[in-house]
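Worksheet for the structure shown next.
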Amino acid sequence: MKILVISGPNLNLLGIRNTDIYGHQSYADLQNYIQKHAESLQLQTAFYQSNMEGDIVNAIQNARGVYDGIILNAAAYTHTSIAILDALEAVKIPCVEVHLSNIHAREEFRRQSYPARACIAQIAGCGFRSYRYALMELAEMLYA
């Protein structure tokens with residue numbers, strides 16, 4: 001099974017940006033962590049990161065017929081992007097929304113998630129483990 005991991009704006013700055021919230025590990029560290037856990041679940045992963053909303057929409061659309069599942073951290077677009085929601089609804093690929101921090105315990109504007117409406121689950125506040133839990137959820141669903 002093939003999983004596309006999509007990362008939104010500023011996630012490429014992990015380890016540099018807001019380390020008190022997101023930690024000191026880098027985006028490369030996150031990719032390695034995900035890859036390790038995906039292999040243990042017999043999943044193949046590909047990674048896509050963009051700071052541009054339209055590029056993320058294109059990645060979701062291009063995943064149709066190629067990937068069996070999506071893990072999405074839309075970052076700031078979580079709270080603003082109806083376009084990402086529409087793309088997820090259109091492609092009908094099982095998607096788990098993830099966040100490193102607990103968006104529900106942060107500023108009021110961060111508590112709204114448009115993509116969550118098209119996702120099978122949302123996992124937030126577990127740091128890198130959020131991605132491991134998302135992989136486990138997709139593996140259980142896809143191998144059932």
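Some observations on this one:
- Count of the stretch 34-48 residues which are assigned to a helix (DSSP H, G or I) and open to solvent by 50 Å² or more (accessible area, probe 1.4 Å): 4
- Contacts under 6 angstrom Cβ, first residue in the stretch 80-95 being within 12 Å of Asn58 (Cα to Cα), partner surrounded by fewer than 17 Cβ atoms within 10 Å (Cβ to Cβ), 6 or more apart: Ala87/Gln61; Val91/Arg64
- Here Ala90 clears all of (1) within 15 Å of the chain's Cα centre (by Cα); (2) among the hydrophobic types (A, V, I, L, M, F, W, C); (3) surrounded by fewer than 21 Cβ atoms within 10 Å (Cβ to Cβ); (4) at pLDDT 95 or above except the condition numbered (1).
- For the stretch 66-82, the set of residues classified as surrounded by 14 or more Cβ atoms within 10 Å (Cβ to Cβ) and within 13 Å of Arg117 (Cβ to Cβ) consists of Leu72, Ala74, Thr78, His79, Ser81, listed by residue number.
Conditions (1) modelled with pLDDT of 95 or more; (2) part of a helix (DSSP H, G or I); (3) among the small types (Gly, Ala, Ser); (4) closer than 28 Å to Asp20 by Cα, marked per residue:
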position	(1), (2), (3), (4)
Asn51	yes, no, no, yes
Gly54	yes, yes, yes, no
Ile60	yes, yes, no, no
Ile71	yes, no, no, yes
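- Matching residues in the stretch 17-45 - criterion: being under 13 Å from Leu135 (Cβ atoms) and in contact (Cβ under 8 Å) with a residue 40 or more places away in the chain: Leu30, Tyr33, Ile34, His37, Ala38, Leu41, Gln42, Leu43, Gln44, Thr45
Okay, residues lined up against (1) over 16 Å from Pro115 (Cα atoms); (2) of a type in the set (Lys, Arg); (3) in contact with a Pro (Cβ under 9 Å, 6 or more places away or on another chain):
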{"position": "Ser7", "(1), (2), (3)": "no, no, no"}
{"position": "Tyr33", "(1), (2), (3)": "yes, no, no"}
{"position": "Lys36", "(1), (2), (3)": "yes, yes, no"}
{"position": "Arg64", "(1), (2), (3)": "yes, yes, no"}
{"position": "Leu88", "(1), (2), (3)": "no, no, yes"}
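- Looking only at the stretch 1-22, and only at residues there that are in contact with a Phe, Trp or Tyr (Cβ under 8 Å, 6 or more places away or on another chain) and either open to solvent by 20 Å² or more (accessible area, probe 1.4 Å) or aromatic (Phe, Trp, Tyr) (or both), the one that is farthest from Asn73 (Cα to Cα): Met1
- Qualifying residue in the stretch 95-106 (condition: open to solvent by 20 Å² or more (accessible area, probe 1.4 Å) and of a type in the set (Asp, Glu)): no
- For the stretch 107-125, a residue qualifies if it is free of Cβ contacts under 8 Å to residues at least 12 places away in the same chain and not in a helix (DSSP H, G or I), and exactly one does: Glu107.
The values are calculated or read from the model by the stated rules, or taken from the named source; none is laboratory data. A quick note: this is a predicted structure, and the numbers were derived from the prediction, not measured. Glycine gets a Cβ as well: all are built from the backbone with ideal geometry, and neighbour counts include every protein chain shown. What goes into the accessible areas is simple: the full protein's heavy atoms, side chains included, and nothing from ligands, DNA or RNA. Shrake-Rupley method; radii C 1.70, N 1.55, O 1.52, S 1.80 Å.
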